[in-house]
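Below is one structure, written out as structure tokens; comments come after it.
The values are calculated or read from the model by the stated rules, or taken from the named source; none is laboratory data. Bear in mind the structure is a predicted one, so any value in this text is a computation, not a measurement. Cβ placement follows ideal geometry from the backbone for every residue including glycine, while neighbour counts extend to all protein chains displayed.
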């Protein structure tokens, strides 16, 4: 059975032993919004609770309107208020239930609540003076209540606030097709003038609330981004995963930017394994000194209990993103890149550490000290210390990414250095072909292929001949039997170093590729802000073969890479 790990472990995938039945795929999850989403849900249900009471109390206004202003039948208003109260009550029950609603569920609840409210208000207007109803202006209260409940960036605010506005006027004006009275009002200058006055109020409120909601949303982001973690001042978020967030931070003493990974408090509270895994990631990375392994500088806990560690800030992109942009690498370059990663993992294996999640997304391509095509192995979040007696993830679970999962791990056996060799062989295959050894949308079929099927030779998948020694190295790394593979990543590095292409990818080649493919680092999850600029807030301290001719590139053209 294929099943997701608990939310604190959402960056990995868990697979039950093959004896159990197969379920739907859960590989890969969209990162949750953490603190912002939790605060939004809490604000939404509180505002909705107050709004529920206000909605019910306004029945008294209906009684006054019916008795003294001849607003229609009281039963009409009572029925609408009871129907909407049932809808809002159902949403409130879901908001207060555990677990907290997903982002998709929350959006549905938001749209359902305010959409049905808009329809109910429009139907009340039809009963009480039609398009000239005083309740048209009263619809502004509905919009105000939503802004109290949810603070959105302006694009989302335009849509989410615009939905109830659109429904309100569609129902109100659409009634002219069914009601002779409403149709006649559209030809009455006084009624139209009253309607336009109400429309002005509603649209003015709508635009004001979109802008106000964006400013509040931006201020909340700035407050969090201005926090200090010990000596480090957070600047902007780089990425978010199931267990933690990675931020760019500034160290005033060193006057340099660093990367800070912060363990999410809600994940630590939700999963008993989150903290041990986080600490193990820190220890595993800090113990390694190889230049191709990301460096860890510091580890700490703030006064309010946030755990974080600090590592070097890398500028560049992952192998996955690079191949997605530029396609397969030339054999010489692929050997050069994977050789660096193999040497970094070789040191880890000498220390008894198995990475267990080697994949293109965890191998970073950067420039270091003027050296281009410099590799950094990152994310030891599910690394295993083979000297340890127990595993944090629990018996029966195996970890990794399905496209790069070794056969023995797929069958539920313990991972060792040879499992990393298999994954690194799959990465080399991916770099040469632009595709992993096995591809299937069905996770069970993909796992089955890793266990039972021999991969197609890279030359056949690519459609052109690759150097035989490079291809032989790839195929040996992808052997089903762990004993038939290289025993450690260092052995794989030595095999790559013995290939005829080893050392053929020169500094000049790397510099030319870097010059032609240079571009700003990807946002990696940072929401781009529009030109609306809220005021700054103060810092709030809360103390986380030889190269072929295709590589001889003419100036101005994109090189083979």
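What number of residues in the range 454-463 are surrounded by fewer than 24 Cβ atoms within 10 Å (Cβ to Cβ) and in a helix (DSSP H, G or I)? Talk me through it step by step, then tell me what you get.
Taking the range 454-463 and keeping what is surrounded by fewer than 24 Cβ atoms within 10 Å (Cβ to Cβ), we get 454-457, 459-463.
Narrowing further to those that are in a helix (DSSP H, G or I): 459-462.
Here the count works out to 4.
Within the range 271-292, work out how many residues are part of a loop (DSSP other than H, G, I, E, B) and closer than 22 Å to residue 314 by Cβ.
In the first step, residues of the range 271-292 are kept if they are part of a loop (DSSP other than H, G, I, E, B); the result is 271-273, 287-292.
Pick out the ones that are also closer than 22 Å to residue 314 by Cβ and you get 287-292.
Going through the range 271-292 one residue at a time, the tally reaches 6.
Any residue in the range 339-351 that is in contact with a helix residue (DSSP H, G or I) (Cβ under 6 Å, 6 or more places away or on another chain), surrounded by 20 or more Cβ atoms within 10 Å (Cβ to Cβ) and within 21 Å of residue 241 (Cα to Cα)?
If we filter the range 339-351 for residues that are in contact with a helix residue (DSSP H, G or I) (Cβ under 6 Å, 6 or more places away or on another chain), which is where we start, we get 339, 342-343, 345-346, 349.
Now narrow it down to the ones that are surrounded by 20 or more Cβ atoms within 10 Å (Cβ to Cβ): 339, 342-343, 345-346, 349.
This time we only want the ones that are within 21 Å of residue 241 (Cα to Cα), so: none.
Looking for residues that are in contact with a helix residue (DSSP H, G or I) (Cβ under 6 Å, 6 or more places away or on another chain), surrounded by 20 or more Cβ atoms within 10 Å (Cβ to Cβ) and within 21 Å of residue 241 (Cα to Cα), one finds none in the range 339-351, hence no.
Looking at the range 470-501 only, could you name the residues that are surrounded by fewer than 19 Cβ atoms within 10 Å (Cβ to Cβ) and more than 22 Å from residue 418 (Cβ to Cβ)?
Across the range 470-501, the qualifying residue is only 500.
So if I check each of 98, 179, 102, which one is closer than 18 Å to residue 76 by Cβ and surrounded by fewer than 17 Cβ atoms within 10 Å (Cβ to Cβ)? Explain how you work it out, then say what you get.
Working: 98 fails: closer than 18 Å to residue 76 by Cβ; 102 fails: closer than 18 Å to residue 76 by Cβ.
Within the list 98, 179, 102, the selection yields 179.
Please count how many residues of the range 353-373 are assigned to a loop (DSSP other than H, G, I, E, B) and touching a strand residue (DSSP E or B) at 6+ places or on another chain (Cβ under 6 Å). Steps first, answer last, please.
Pass one, the range 353-373, residues assigned to a loop (DSSP other than H, G, I, E, B): 355-359, 369-370.
After this cut, where a residue has to be touching a strand residue (DSSP E or B) at 6+ places or on another chain (Cβ under 6 Å) as well, the list is 356.
Counting residues in the range 353-373 that are assigned to a loop (DSSP other than H, G, I, E, B) and touching a strand residue (DSSP E or B) at 6+ places or on another chain (Cβ under 6 Å) gives 1.
Go through 114, 201 for me and flag whichever is under 21 Å from residue 46 (Cβ atoms), modelled with pLDDT of 90 or more and either touching a helix residue (DSSP H, G or I) at 6+ places or on another chain (Cβ under 6 Å) or in a loop (DSSP other than H, G, I, E, B) (or both). Reasoning before the result, please.
Working: 201 fails: under 21 Å from residue 46 (Cβ atoms).
Exactly one residue qualifies, and that residue is 114.
Restricting the search to the range 382-411, which residues are within 24 Å of residue 445 (Cβ to Cβ), at pLDDT 50 or above and within 28 Å of the chain's Cα centre (by Cα)?
If the condition is that a residue be within 24 Å of residue 445 (Cβ to Cβ), at pLDDT 50 or above and within 28 Å of the chain's Cα centre (by Cα), then 382, 399, 400, 401, 402, 403, 404, 405, 406, 409, 410 are the ones that fit.
Would it be correct to say that residue 488 is modelled with pLDDT of 95 or more and in contact with a helix residue (DSSP H, G or I) (Cβ under 8 Å, 6 or more places away or on another chain)? Spell out the reasoning first.
On the way: modelled with pLDDT of 95 or more: no; in contact with a helix residue (DSSP H, G or I) (Cβ under 8 Å, 6 or more places away or on another chain): yes.
Here the answer is no, as residue 488 does not meet what is asked.
Looking for whichever is on the phi > 0 side of the Ramachandran plot and either out of contact with any strand residue (DSSP E or B) (no Cβ under 8 Å at 6 or more places or on another chain) or at pLDDT 90 or above (or both) here; the options are 90, 162, 130. Which one fits?
Working: 90 fails: on the phi > 0 side of the Ramachandran plot; 162 fails: on the phi > 0 side of the Ramachandran plot.
The unique qualifying residue is 130.
Which number in (1) in the same structural domain as residue 92 (by TED's automatic domain parsing); (2) modelled with pLDDT under 90 marks the one condition that residue 57 misses?
(2)
Could you identify the single residue in 219, 186, 234 that is over 30 Å from residue 300 (Cβ atoms) and outside the structural domain of residue 270 (by TED's automatic domain parsing)?
Numbers: 219 fails: over 30 Å from residue 300 (Cβ atoms); 234 fails: over 30 Å from residue 300 (Cβ atoms).
Of the residues listed, the single one that is over 30 Å from residue 300 (Cβ atoms) and outside the structural domain of residue 270 (by TED's automatic domain parsing) is 186.
Exactly one of these conditions fails for residue 153: (1) touching a helix residue (DSSP H, G or I) at 6+ places or on another chain (Cβ under 9 Å); (2) at pLDDT 90 or above. Give me its number.
(2)
Can you find, within the range 280-299, the residue that is surrounded by the most Cβ atoms within 10 Å (Cβ to Cβ) among those that are more than 24 Å from the chain's Cα centre (by Cα) and at pLDDT below 85?
Top of the filtered list is 284.
Of all residues in the range 223-246, how many are in contact with a helix residue (DSSP H, G or I) (Cβ under 8 Å, 6 or more places away or on another chain) and either at pLDDT 80 or above or part of a strand (DSSP E or B) (or both)? It would help to see each step written out before you state the result.
Of the residues in the range 223-246, the ones in contact with a helix residue (DSSP H, G or I) (Cβ under 8 Å, 6 or more places away or on another chain) are 224, 234-237, 242-244.
So of that shortlist, the ones also either at pLDDT 80 or above or part of a strand (DSSP E or B) (or both) come out as 234-237, 244.
Counting residues in the range 223-246 that are in contact with a helix residue (DSSP H, G or I) (Cβ under 8 Å, 6 or more places away or on another chain) and either at pLDDT 80 or above or part of a strand (DSSP E or B) (or both) gives 5.
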